[in-house]
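**Student:** I have a structure I would like to understand better, so I am pasting it below and will then ask my questions one at a time.
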Amino acid sequence: MQCPSCQNTDSRVLESRSADSGKSVRRRRECLNCDFRFTTYERVETTPITVLKRSGAKELFNRSKIINGLNRACEKTLIHESQIEFIVDEIERVLHQEVCKEIKSIEIGEMVLTNLKDINEVAYIRFASVYRQFNGINDFMKTLESLKPIKKEQLASVI
């Protein structure tokens, strides 16, 4: 590691600790040449995720796009920013675990909807209306029907 003061490459680690919720390591170092103390961060380098858009275009995964969409869908609901961050963190974690680093935007949208369905039905409908490009009341009705819980009588007839 190069000293920011004298550019010497010899330093010793004084202290190491976990940072960024365990996603990186923070190290306090001291230059062996000039005794200057500085901090470095060590992170795992990840392979970028490519998103295949509906138009066929490709772009790098951008978590802020999901956050913006969720913020719009969750306006005036009881969903907090921390819940939105958790949803996006979870989606990003799953994407990084995939072997293939190219994913369709449709799959990301479905992941968002799966998470929203259990949290808030209004936010689910709002997000679905934009994501699935609703064209009229029939699209809303189909989605609302899919959210209805199965009645006990229907369940008994299935069994």
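The values are calculated or read from the model by the stated rules, or taken from the named source; none is laboratory data. These figures come from a predicted structure and were not determined experimentally. Positions of Cβ are backbone-derived with ideal geometry, glycine not excepted, and every protein chain shown enters the neighbour counts. For the accessible areas, the whole protein counts, side chains as well, though only heavy atoms, and no ligand, DNA or RNA atoms are used. Shrake-Rupley method; radii C 1.70, N 1.55, O 1.52, S 1.80 Å.
**Student:** For the structure I just gave you, tell me whether residue 58 is within 15 Å of the chain's Cα centre (by Cα), open to solvent by 90 Å² or more (accessible area, probe 1.4 Å) and not hydrophobic (A, V, I, L, M, F, W, C).
**Tutor:** On the way: within 15 Å of the chain's Cα centre (by Cα): no; open to solvent by 90 Å² or more (accessible area, probe 1.4 Å): yes; not hydrophobic (A, V, I, L, M, F, W, C): yes.
For residue 58, the condition - within 15 Å of the chain's Cα centre (by Cα), open to solvent by 90 Å² or more (accessible area, probe 1.4 Å) and not hydrophobic (A, V, I, L, M, F, W, C) - is not met.
**Student:** Scan segment 14-33 for residues that are open to solvent by 80 Å² or more (accessible area, probe 1.4 Å), not charged (D, E, K, R) and not in a strand (DSSP E or B) and report the count.
**Tutor:** Residues of segment 14-33 open to solvent by 80 Å² or more (accessible area, probe 1.4 Å): 17-18, 20-21, 23, 32-33.
Narrowing further to those that are not charged (D, E, K, R): 18, 21, 32-33.
After this cut, where a residue has to be not in a strand (DSSP E or B) as well, the list is 21, 32-33.
The number of residues fulfilling the criteria is 3.
**Student:** How many residues are over 14 Å from residue 59 (Cα atoms) and buried (at least 17 other Cβ atoms within 10 Å of the Cβ) if we restrict to segment 98-109?
**Tutor:** Residues that pass the stated criteria total 1.
**Student:** Select from segment 1-13 the residues that are farther than 11 Å from residue 40 by Cα and either polar (S, T, N, Q) or under 34 Å from the mean Cα position of the chain (by Cα) (or both) and write down the one among them that is surrounded by the most Cβ atoms within 10 Å (Cβ to Cβ). Break it down stepwise before answering.
**Tutor:** Residues of segment 1-13 that are farther than 11 Å from residue 40 by Cα, as a first pass: 5-12.
Now restrict to residues that are either polar (S, T, N, Q) or under 34 Å from the mean Cα position of the chain (by Cα) (or both): 5, 7-9, 11.
Details: 5: 13, 7: 10, 8: 14, 9: 11, 11: 19.
Checked segment 1-13; the qualifying residue surrounded by the most Cβ atoms within 10 Å (Cβ to Cβ) is 11.
**Student:** Output the residue which, of all residues in segment 92-128 that are modelled with pLDDT of 85 or more and of a type in the set (Gly, Ala, Ser), is farthest from the chain's Cα centre (by Cα).
**Tutor:** Step by step, filter segment 92-128, then rank; the result is 123.
**Student:** Moving on to the next point. Would segment 6-15 turn up any residue that is closer than 22 Å to residue 123 by Cβ and at pLDDT 90 or above? Lay out the reasoning, then the answer.
**Tutor:** Quick first cut of segment 6-15, residues closer than 22 Å to residue 123 by Cβ only: none.
Checked segment 6-15: no residue is closer than 22 Å to residue 123 by Cβ and at pLDDT 90 or above.
**Student:** If you don't mind, another one. Output the number of residues of segment 110-142 satisfying the condition of being open to solvent by 50 Å² or more (accessible area, probe 1.4 Å) and not in a helix (DSSP H, G or I).
**Tutor:** Of the residues in segment 110-142, the ones open to solvent by 50 Å² or more (accessible area, probe 1.4 Å) are 110, 114, 117-119, 121-122, 126, 130, 132-133, 135, 137-138, 140-142.
Among the residues that remain, those that are also not in a helix (DSSP H, G or I) are: 132-133, 135.
Summing the residues that are open to solvent by 50 Å² or more (accessible area, probe 1.4 Å) and not in a helix (DSSP H, G or I) in segment 110-142 gives 3.
**Student:** Take the conditions part of a loop (DSSP other than H, G, I, E, B), open to solvent by 100 Å² or more (accessible area, probe 1.4 Å), closer than 30 Å to residue 127 by Cα and not polar (S, T, N, Q) and apply them to residue 93. Does it pass?
**Tutor:** Working: part of a loop (DSSP other than H, G, I, E, B): no; open to solvent by 100 Å² or more (accessible area, probe 1.4 Å): yes; closer than 30 Å to residue 127 by Cα: yes; not polar (S, T, N, Q): yes.
Taking the combined requirement at face value, the residue does not satisfy it.
**Student:** What residue, of 36, 86, is open to solvent by 80 Å² or more (accessible area, probe 1.4 Å) and touching an Asp or Glu at 6+ places or on another chain (Cβ under 9 Å)? Outline the logic, then answer.
**Tutor:** On the way: 86 fails: touching an Asp or Glu at 6+ places or on another chain (Cβ under 9 Å).
Only one candidate qualifies: 36.
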